[in-house]
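Shown next, in structure tokens, is the structure this report addresses.
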Ligand code: CA
């Protein structure tokens, strides 16, 4: 397995409220996009990542675990931890975060994905990209229910979340599993990428014959060159060997990755 990860403040914001963690030994990958005034967003995303990491370190190795329950419980623990912190500090009231977790339990050829909000997970297989998560936005909810008003002027704002960890009264995480195959690339990101870069461009960059870290750097650069209006975070998990030839002409000396292949790391 080979991993890439990158996060960037973008071209407009003055601080980064996104947070990620990659722990290949645990098979755990998390991306969170915090929100809330007075720098509460970065507090919320960090609490979520730390709480989920601890929860899965404590409970993820249980004999015969139920991965869907473990992920739901981990997200609920993060939800409670954020709300408890906000209760003690009025300046943090209402803070919250999206979370997307990809977890490969010790037993498996299956990757479990749990999420709340609009940070996304995709799988890239044989040149085709598929979104695994469903955005928890008011717009997407109405769209799926066939309840969008006729006039686009009356549509809810696309960014408005229908639930967020810590900020909503309660959460109802989306949990899915995906059988992974040699050569797959699993991809996690925040909306700072998907609002700036089209699915077509993401897909074409994800299928490039270059290592995951270079893909991450390229995606961040693409989001920034299209305006970089929000913080950008991307994680690429390559399962097994890349099917195809890695491009040896790629100039690796320009890469300043934060995560060495196979290593762990985080940035909040
Ligand atoms: Ca964002």
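Values in this text are rule-based calculations from the coordinates and carry no lab data. A quick note: this is a predicted structure, and the numbers were derived from the prediction, not measured. Because the Cβ atoms are built from the backbone with ideal geometry, glycine has one as well, and the counts that use them run over all protein chains shown.
Relative to its Kirkwood radius, the Cα radius of gyration of region 48-152 gives an Rg/Rh of 1.05.
A Förster radius of 25 Å combined with the Cβ-Cβ distance from residue 134 to residue 14 puts the calculated FRET efficiency at roughly 0.20.
For region 135-184, the square roots a ≥ b ≥ c of the C-alpha gyration tensor eigenvalues yield an a/c of 1.5 or more together with a/b not exceeding b/c, which makes the shape oblate. What is the calculated FRET efficiency for residue 88 to residue 25, with r their C-beta to C-beta distance and R₀ = 51 Å, to the nearest 0.05? Result of the calculation: an efficiency of 0.90. With both labels modelled 7 Å from their Cα along Cα-to-Cβ, the residue 69 to residue 241 distance reads 4.0 nm. Highest-first packing order for the peptide set 190-201, 130-141, 25-36 is 25-36, 190-201, 130-141, based on the mean count of other beta carbon atoms within 10 Å. Going from the fewest other Cβ atoms within 10 Å to the most, the residues 143, 122, 242 appear in the order 143, 242, 122.
Taking a cut-off of 33 Å, what percent of all Cα-Cα pairs in the chain are separated by more than that? Here the long-distance tail beyond 33 Å is 17 percent of all Cα pairs in the chain.
In what sequence do 97, 72 fall when counting other Cβ within 10 Å, fewest first? Working shown, then result.
Numbers: 97 32, 72 17.
Taking fewest neighbouring Cβ atoms as first place, the list is 72, 97.
The Cα atoms of region 174-224 cover 33, 29, 18 Å along the three principal axes, with the biggest extent listed first.
Quick one: pull the percentage of alpha-carbon pairs in region 2-59 with a separation above 12 Å. Intermediate results must be reported in sequence, preceding the final value.
Numbers: 1116 of 1653 pairs.
Summing the P(r) tail past 12 Å for region 2-59 gives 68 percent.
Stokes-Einstein diffusion of region 87-208 at 20 °C, 1.002 mPa s viscosity, Kirkwood radius from Cα pairs, rounded to a whole number: 133 µm²/s.
Report the rotationally averaged projected area of region 21-90 based on its alpha-carbon convex hull, in square nanometres. Before the final figure, lay out the partial values.
Working: hull surface 19.4 nm².
The directionally averaged projection comes out at 4.9 nm².
Distances over 19 Å make up what percent of all Cα-Cα pairs in region 136-252? Tail of the P(r) past 19 Å holds 61 percent of the pairs.
For the chain, the relative contact order works out to 30 percent when only alpha carbon pairs closer than 8 Å and six or more residues apart are counted.
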